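Here the structure comes first, spelled out in C-alpha cells, and everything after it is commentary.
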Ligand SMILES: [Zn+2]
C-alpha cells in the first residue's frame, strides 16, 4: 500500500487538498460536542519559557517564529492563528481530559531543557530517566499530547481525524496506524554548540516550532499525514499511515534516537 501512497504537498492552504477535505464543522473533533476552544499549536508554558527575559518578565517580541506562512517576532503569546489552531475542541476535551497529556509533555520538556547540553550525544533514551517507574503511562501520555496536536492540525485543515487516534486519546494502549518517534537533527546540534561557544547559555533550547507537514493519498483517499515539532535539535514526529501497524516510543523502555539524514533536514 505504501508504494501507492502519494505525497500531496506540504500542508498549508493548498488546493491539492480540496478533494480530501470535509465540510466545515463547528463540532469538537474528539467527542462531537460543540467546539468552543482553540488549542495552542505550541504550549503557552513553552512560549512563556522561550519569551522569558532575565528580569523574569516575558514578551512576545522575544519569540521568533518561522513557518511556511509566517516569519517574524510574535505579536501575542496567547491569541491568533500563529499560536493557536482553529476552534475545534470543546472545553472538556481541551482541559480536564487532556491535562495528564500536558503534564507528561511539561515533564519531558523540563528534562530536555535540563539535559540539552548532553542529550545531543546520546544514541538512546531511557524513559525511566525522564519519568521514573511510571515511564510507560507517561511516555504514552506524551504521545497523546502530540496525538491531540495532530488531531487539531487535521481538523484545522478540514481533514478526517483517524478513529484509532481518538481511541488512543480515550485510553487505548496503542495507536497502531500512528508512529510516534523522536529524532535528532545533527545540523541543529552544530548550531546549538556554536551558540554555547558564543556565550548564549540557553543555546538552541529556545528554538521551538512546527515542521512542515505533508498529507498523503491513495487513489484519491486520504491515507496519511506527517506531523512534526521540535524543541532545539530534538524532533517529535507523528506519522499516520492508514491500515499500518507501526511501533511507537512508548512501547520500549529504551528507544533509539536516530539522526535525521541531510535530505530530511530543513534549513
Ligand atoms: Zn470534546
Helix-only mean residue ellipticity at 222 nm, the chain, DSSP H runs n ≥ 4 weighted -39,500 (n - 2.57), per residue, nearest 500. What is it?
-8000 deg cm²/dmol
Contour minus Cα-Cα span, residue 103 to residue 27, at 0.36 nm per residue, comes to 24.8 nm
Label-point separation in nm, residue 187 to residue 48, each point 7 Å along Cα→Cβ
3.4 nm
Quick one: length gained pulling residue 170 to residue 221 fully straight, 0.36 nm per residue minus the C-alpha distance?
15.8 nm
When you take every Cα atom in the stretch 75-194, what is the radius of gyration, and what is Dmax, the widest Cα pair distance, in Å?
16.1, 44
Label point at residue 122 placed 7 Å out along Cα→Cβ; residues across the stretch 212-234 whose backbone nitrogen lies under 16 Å
231-234
Once you have the alpha carbon radius of gyration of the chain, what is it after dividing by 2.2 N^0.38 Å, with N set to its residue count?
0.99
Residue 136 paired with residue 245, simple spin-label distance in nm, labels 7 Å along Cα-to-beta-carbon:
1.9 nm
Only Cα pairs under 8 Å and at least 6 apart count here; give the relative contact order of the chain as a rounded whole percent.
23 percent
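Values in this text are rule-based calculations from the coordinates and carry no lab data. A quick note: this is a predicted structure, and the numbers were derived from the prediction, not measured. All Cβ positions, even for glycine, are placed from backbone atoms using ideal geometry, and neighbour counts span all protein chains on display.
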